[in-house]
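A quick write-up on the structure given underneath.
No value in this document is a laboratory result; all are computed from the given coordinates. Just so you know, these numbers come straight off a predicted model, no measurement behind them. Every residue, glycine among them, receives a Cβ derived from its backbone with ideal geometry; neighbour counts consider all protein chains shown.
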Amino acid sequence: MLAGTVHLPARLELAGDTTIVASSVTLTGRTLSVQAHGHTLAVYLYGGVSAAVGGPVVVDLSGAGGVDGADGATGPNGVSGFDGPDGEDGSDDGRGRTVCDGTDGGLGGDGLPGGNGPSGTPGQAGQDAGSIVFDIPPAATDSYTFRTAGGNGSRGGNGGTGGNGGDGGNGGNGTDPYCFGGNGGDGGTGGHGGDGGDGADGGDGGNGGTIDVTYPTGYPRSMISTDSSAGRAGSGGNPGGFGRGGNAGRGGPGGMAATTSSTAATVVSAILATTGWRRRFPVRSDATAGPARSCWPKWTVRHPYRNHRAAISSK
């Protein structure tokens, strides 16, 4: 570009290497920010620079920073274990008597592990800075700052959290036997939580551009400052957290106890009491489960002629 006076806005974007030859340049402020995309801006003046009153004239062609990487997603959850099988019912033994207790329920299946979390995506690299060629005009009194620093790399994405483990299977149900129900089966072990994903690498820093400045004789070198440093690399992402272990399965409910008629129990008690029999344990007339093994109450008798105790069962 060849002109007498060039008016420049506060921000420029270069599509290629650009050269300005002019008598003077007028700036909107005191800082000219140029998105150079690695291109070179060359300015040759034989007049001067007109800018707002303030600090130094700043010409900045630094590269832009990269965009942070995306975090990984959470891993899939594990599958819950299967329920344990039910216990078997009490049964008739074929001789008019019953097998009192139902069997216990079976063990529930273990839950499956949760899936691992995926890794984060890498951070983007910082952009390379453009380069500056600048000719400070004669009789200049302004100080100048030239920047061509590379853009900083961005942070890598964090790893995804591992999936939760599946719940253990429930224990089998106790049965509905004639006497006391079986115990519920133990619940299965919960599945392990999945591992967290790896954090991604940070982006590389951009390269700094070159600075080529000429100044007239007698102009103080101390009035010129430059920065052409390379961009900093981005930090790596953090690893994802572990998934939560699955819950243990619930034990199955016990089976129902058989019901004994309280009326019949009363009649039996009265008859045996008149003959000297004493009931050792009360007749069970409720329908709750318990650990007892006998189907009927046991009785004791003190023989009128012999000093010993005999125990009989109604079975």
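Cα centroids of region 204-240 and region 1-65: how far apart, whole angstrom?
Each part reduced to its Cα centre gives a spacing of 17 Å.
Considering Cα pairs under 8 angstrom that are at least six residues apart, work out the relative contact order of region 107-156 and quote it in whole percent.
Across region 107-156, relative contact order equals 52 percent.
Just order 215-222, 57-64, 78-85 by mean Cβ neighbour count inside 10 Å, highest at the front, would you?
On the way: 215-222: 10.0, 57-64: 23.0, 78-85: 21.1.
Those peptides, ordered most packed to least, come out 57-64, 78-85, 215-222.
Would you please put 31-40, 121-130, 4-13 in order of how densely packed they are, using the mean number of other Cβ atoms within 10 angstrom per residue and starting with the highest? Intermediate results must be reported in sequence, preceding the final value.
Details: 31-40: 19.4, 121-130: 23.9, 4-13: 12.3.
Ranking the peptides 31-40, 121-130, 4-13 by packing returns 121-130, 31-40, 4-13.
So, by mean Cβ neighbours within 10 angstrom, what's the order for 43-50, 141-148 with the highest one leading? Each step should come with its number before you reach the end.
Numbers: 43-50: 16.4, 141-148: 18.4.
Peptide ranking by packing, descending: 141-148, 43-50.
If each residue of separation counts as 0.36 nm, what is the full-extension length gain between SER229 and VAL213 once their alpha-carbon separation is subtracted? List each step's numbers first, then the result.
On the way: separation 16, 0.36 × 16 = 5.76 nm, distance 1.65 nm.
Between SER229 and VAL213, full extension yields an extra 4.1 nm.
Near the amide H of THR226, under 5 Å away, which other amide H atoms are found, from residues 5 or more places off or on another chain, if H is placed in the peptide plane?
PHE146
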